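The structure under discussion appears below in the form of structure tokens.
Each reported figure results from applying straightforward, stated rules to the coordinates on display, with no laboratory input. Remember, predicted model here, so these are calculated numbers, not experimental data. Note that we place each Cβ from the backbone using ideal geometry, even for glycine, and neighbour counts take in every protein chain shown.
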Amino acid sequence: MEDYSLVCNSITDLYEVHYAFAPWWMMAASLGVSLLWGLKKWLWDTKPTSQTKSVVILGRKASGKTTLWNRLRGYNFNKNYVITALDKIEQFTINRDDKQVIIQATKDIGGDKKWVREYEELIKERTFILFLVDATDSCEDAQADIRARVQKILNIVNNNKLDNVGFRIYITHSDEYLSKNPQTTYAMIIEQIKKWLDLDSIKAPKKVKYEYYAVDLSCDKDIDTIKKEIIDSVYE
Ligand SMILES: Nc1nc2c(ncn2[C@@H]2O[C@H](COP(=O)(O)OP(=O)(O)OP(=O)(O)O)[C@@H](O)[C@H]2O)c(=O)[nH]1
Ligand SMILES: [Mg+2]
């Protein structure tokens, strides 16, 4: 007659065989190791991928600062102009592809000259500065005023020895400029504004790298590009 005593055909049988050969403390230890391994894997797989970033949006009156804050927060373009004094921007997130950046709470300051004093408090280490220039701004003092604001930014960076600030110049209202000057292109707008502002001639002990972009803040694609710039500044 065959001996079936060690042949297991069911889970109960298996458990009983293991139980017969492993003492209880060995099973408890093995269970503990499995639980710890599972916990480690869960923590690893679900570790947060979001990063935080300080962003400031600066520029003259009606350059598009409030519009850009609203667009970055997911609101539709609004063509009504409401002058800002000083508004609070609560913390919010920007998502693009699988990346997420938490934009720290900050302020939306008006473009009036009296708010330039706020630059000091807003620009810190690792701040991403978006400086807006309205392509259609033909006020007499526009050039001198923009240069004075950029000088102020460079002074803050130098005086506070900030090594890690990002600086982008967005030429807004480019769509309006194009519709008034149909023979122009975005590349030509950038060249004209670059020449007109001549920011390279501003004296500062340490230069800050900046790039120009021509944008239309009513255009989703342009907003998406700006979001990408902010996200890349964190992840790259
Ligand atoms: N067509 C067009 N309109 C824009 C663009 N950017 C802003 N605007 C419009 O310009 C006006 C002023 O925009 P705001 O965002 O309020 O400007 P701001 O810089 O916050 O102005 P202040 O708060 O006074 O400093 C609004 O009517 C916007 O709809 C753009 O790229 N294209
Ligand atoms: Mg505003």
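So which residue, out of Q91, Q183, Q104, gets the largest mean-square fluctuation from a GNM of the chain using Cα contacts under 10 Å as springs? Result: Q183 has the largest fluctuation of those listed.
For the range 132-207, what is the Kirkwood hydrodynamic radius in Å, using each pair of distinct C-alpha atoms? Walk me through the numbers before you get to the answer.
Working: mean 1/r = 0.0727 Å⁻¹.
After inverting the mean inverse Cα-Cα distance, the result is 13.7 Å.
Near the amide H of F167, within less than 5 Å, lie the amide hydrogens of I129, all on another chain or at least 5 residues away, with H placed in the peptide plane. By the rule of a C-alpha distance below 13 Å, with chain neighbours fewer than 8 residues away ignored, the aspartates and glutamates paired with K61 are D108, D112, D134, D137, D141, D145. In degrees, nearest 10, range 0 to 90: what is the angle between the Cα axis of helix 186-197 and the longest Cα principal axis of the chain? It is inclined by approximately 60 degrees. Projected over all directions and averaged, the alpha-carbon convex hull of the chain occupies 22.6 nm².
Each peptide in 116-122, 29-35 receives the mean, over its residues, of other Cβ atoms within 10 Å, and ordering these scores from highest gives 116-122, 29-35.
Tell me the trypsin sites (Lys or Arg not before Pro) within the range 164-236 that lie in a loop according to DSSP and have at most 16 other beta-carbon atoms within 10 Å. Working shown, then result.
Values: sites: R168, K180, K194, K195, K203, K206, K207, K209, K221, K227, K228; in loops: K203, K206, K207, K209.
In loop regions of the range 164-236 (DSSP not H, G, I, E or B), the sparsely surrounded trypsin sites (Lys or Arg not before Pro) are K203, K206, K207, K209.
In percent, how large is the relative contact order of the chain, given Cα pairs closer than 8 Å and 6 or more residues apart?
Values: 309 pairs, mean separation 48.3, N = 236.
RCO, the chain: 20 percent.
Would you mind checking K161/K207; K88/K228; K79/K107 for any pair whose Cα atoms are more than 19 angstrom apart? In this structure, K88/K228; K79/K107 exceed 19 Å between Cα atoms.
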